[in-house]
Amino acid sequence: MENLHHIVVVGGGAGGLELVTRLGNSLGRKGKARITLVDAGLTHVWKPLLHEVASGSLDASANEINYRAHARKHHYEFQLGRMSGLDRQRKRVVIAPIQDEEGREVVPERHIGYDTLVIAVGSTANDFGTPGAQEHCLFLDSLKQARRFHNLLLNAFLRKNHEATQGRDHRLDITIIGAGATGVELAAELRLASRELPVYGMNHLKASDVSITLVEAAERILPALPGRLSAAATRELERQQVRVLTGQPVSEVRADRVILKDGSELPSEMTIWAAGIKAPSFLASLYGLEVNRSNQLVVEQTLQTTQDVDIFAFGDCAACPQPGSERPVPPRAQAAHQQADTLFKTLSHRLEGKSDVPFVYNDHGSLINFSRYTAVGNLMGNLSGRSMYIEGKVARLFYVSLYRMHQVALHGVLRTAVIWLMDKISRAMHPRLKLH
């Protein structure tokens, strides 16, 4: 094993985990290469589902993938830890010390050697330096943050329900800053929670007591998507009694309110930041690698970093060019999935002395899910190049299929079918919302 070509993938998100799964099943199983995944967490949850974990409509425990167990089944190694640096001359990744909850060191700083390095560490929220955002906003960048949000939400409902029994003002004001896909879908999930939780004992609280406001700096919500999709999403949010404010940049966030650029104030007991993303800041300090203003590693069309032929990057943490466009590949789950597929071919070719495969992004459209209410989206036609607008049950079916496709990439068709059946049974036996 020590003499085999060592491929190290840092980041077990959607793209990173799909890549090591394919590499392990192919190169690792056949003894052609040694594959190692490095991640700061022990489990994987598909990031587009974190807003469902936060609202309680999805039980993360039933949808987690344990890296150690998955590695054993798919012929790769797993190393727990957070990448903190890079020694390019010695070709070693620096892994920060692991500490327990009391701050005691469990494992000291380590170095993992590599022959080929792939960085797929995803992204974090970009608050653009807005005063008070870090101190007073909730974020949904990780499973830990989503679970914390869920606990705070349950406590807020419990507190307001008690205040209602005392005849006191029990209005709960929730503000979501940023009306991209995450912000829009979170608003729908929170509206569902406001209607479902009173059914489970909090019967002094009504959905109308929960005010949900979605704030967007651009002139329309979902600014990166087609206008027709944005208009349909706006109508659906208004139907669900979600207040939508567009063309309203946020100038400051305080503990109990949000200050808009025009000076107006929104009362807000819970404020969620879902506007913009950036790559993790440590990438900007990696010796000699080129990054852009968002800390993304600048890569060639082959996903190879511009300064090192043995280091690749993809997903949200990479700025990959698109032929015929001034903009890089958008930071979307479908892009990471396609890049993982291209990079698998490139790394396999490298061991055979073949050339790298250039990445070409194919936009298959966009889907926005409004919890259990409905879904809207547009699908791109492969032959005509035109988009087809869909909504309702058909759009919801396509949306659900995206997650199932991710599961197929990680588990195979048969195991995914079993997981789907177990999900059906679980939904029939458990409450529609996670209540703890």
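Rundown of residues vs (1) under 31 Å from the mean Cα position of the chain (by Cα); (2) under 13 Å from residue 371 (Cβ atoms), yes/no style:
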site: 160; (1), (2): yes, no
site: 166; (1), (2): no, no
site: 171; (1), (2): yes, no
site: 175; (1), (2): yes, no
site: 180; (1), (2): yes, no
site: 183; (1), (2): yes, no
site: 190; (1), (2): yes, yes
site: 195; (1), (2): yes, yes
site: 198; (1), (2): yes, no
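Name the single residue that is nearest to residue 281 (Cα to Cα) among those in segment 85-107 being assigned to a loop (DSSP other than H, G, I, E, B) and open to solvent by less than 70 Å² (accessible area, probe 1.4 Å). Per the stated criteria, the residue is 96. Number of residues in segment 204-223 that are surrounded by 20 or more Cβ atoms within 10 Å (Cβ to Cβ), in contact with a Ser or Thr (Cβ under 7 Å, 6 or more places away or on another chain) and closer than 9 Å to residue 194 by Cα equals 1. Looking only at segment 251-279, residues that are in contact (Cβ under 8 Å) with a residue 60 or more places away in the chain, out of contact with any Leu (no Cβ under 6 Å at 6 or more places or on another chain) and not in a loop (DSSP other than H, G, I, E, B) come to 10 in all.
Run down 117, 50 and say which single residue is modelled with pLDDT of 95 or more, closer than 21 Å to residue 331 by Cα and open to solvent by less than 20 Å² (accessible area, probe 1.4 Å). It would help to see each step written out before you state the result.
Values: 50 fails: modelled with pLDDT of 95 or more.
Only one candidate qualifies: 117.
Return the only residue of 45, 10 being aliphatic (A, V, I, L, M), under 21 Å from residue 420 (Cβ atoms) and surrounded by 17 or more Cβ atoms within 10 Å (Cβ to Cβ). Of the residues listed, the single one that is aliphatic (A, V, I, L, M), under 21 Å from residue 420 (Cβ atoms) and surrounded by 17 or more Cβ atoms within 10 Å (Cβ to Cβ) is 45. In segment 315-349, how many are assigned to a loop (DSSP other than H, G, I, E, B) and open to solvent by less than 30 Å² (accessible area, probe 1.4 Å)? Qualifying residue count for the region: 2.
On the given criteria, is residue 3 polar (S, T, N, Q), open to solvent by 50 Å² or more (accessible area, probe 1.4 Å) and not in a helix (DSSP H, G or I)?
Values: polar (S, T, N, Q): yes; open to solvent by 50 Å² or more (accessible area, probe 1.4 Å): yes; not in a helix (DSSP H, G or I): yes.
Spelling it out, residue 3 is indeed polar (S, T, N, Q), open to solvent by 50 Å² or more (accessible area, probe 1.4 Å) and not in a helix (DSSP H, G or I).
Listed by position, the strands (runs of 3 or more DSSP E) contained in segment 154-247 that have at least 2 residues being under 22 Å from residue 52 (Cβ atoms), in contact (Cβ under 8 Å) with a residue 24 or more places away in the chain and in contact with a Phe, Trp or Tyr (Cβ under 6 Å, 6 or more places away or on another chain) form an empty set. Scanning segment 125-141 for residues that are open to solvent by 40 Å² or more (accessible area, probe 1.4 Å) and either in contact with a Ser or Thr (Cβ under 8 Å, 6 or more places away or on another chain) or of a type in the set (D, E, K, R) (or both) gives 131, 135, 136, 141. Among the numbered conditions (1) open to solvent by 70 Å² or more (accessible area, probe 1.4 Å); (2) hydrophobic (A, V, I, L, M, F, W, C); (3) closer than 30 Å to residue 207 by Cα, the only one that residue 250 does not meet is (1). The single residue among 196, 238 that is of a type in the set (Asp, Glu), open to solvent by less than 30 Å² (accessible area, probe 1.4 Å) and at pLDDT below 95 turns out to be 196.
Quick one: is residue 298 aliphatic (A, V, I, L, M), assigned to a strand (DSSP E or B) and either open to solvent by 30 Å² or more (accessible area, probe 1.4 Å) or touching a Gly at 6+ places or on another chain (Cβ under 6 Å) (or both)?
Working: aliphatic (A, V, I, L, M): yes; assigned to a strand (DSSP E or B): yes; either open to solvent by 30 Å² or more (accessible area, probe 1.4 Å) or touching a Gly at 6+ places or on another chain (Cβ under 6 Å) (or both): yes.
Answer is yes for this residue.
Residues of segment 6-53 being under 28 Å from residue 399 (Cα atoms) and in a loop (DSSP other than H, G, I, E, B), which ones? Residues satisfying the conditions are 11, 12, 13, 41, 42, 45, 46.
Across segment 142-152, what is the number of residues that are open to solvent by 40 Å² or more (accessible area, probe 1.4 Å), within 19 Å of residue 42 (Cβ to Cβ) and either assigned to a helix (DSSP H, G or I) or without any contact (Cβ under 8 Å) to a residue 40 or more places away in the chain (or both)? Explain how you work it out, then say what you get.
Filtering segment 142-152 down to residues open to solvent by 40 Å² or more (accessible area, probe 1.4 Å) leaves 142, 144-145, 147-148, 151-152.
Applying the additional criterion that residues be within 19 Å of residue 42 (Cβ to Cβ) yields 142, 144-145, 147-148.
Cutting the leftovers down to either assigned to a helix (DSSP H, G or I) or without any contact (Cβ under 8 Å) to a residue 40 or more places away in the chain (or both) gives us 144-145, 147-148.
Residues meeting the conditions: 4.
The values are calculated or read from the model by the stated rules, or taken from the named source; none is laboratory data. The structure presented is a predicted model; accordingly, all values stated were derived computationally and were not measured. For neighbour counting, all protein chains shown are included, and Cβ atoms are generated from backbone atoms with ideal geometry for every residue, glycine included. Note: areas computed on protein heavy atoms with side chains; ligands, DNA, RNA excluded. Shrake-Rupley method; radii C 1.70, N 1.55, O 1.52, S 1.80 Å.
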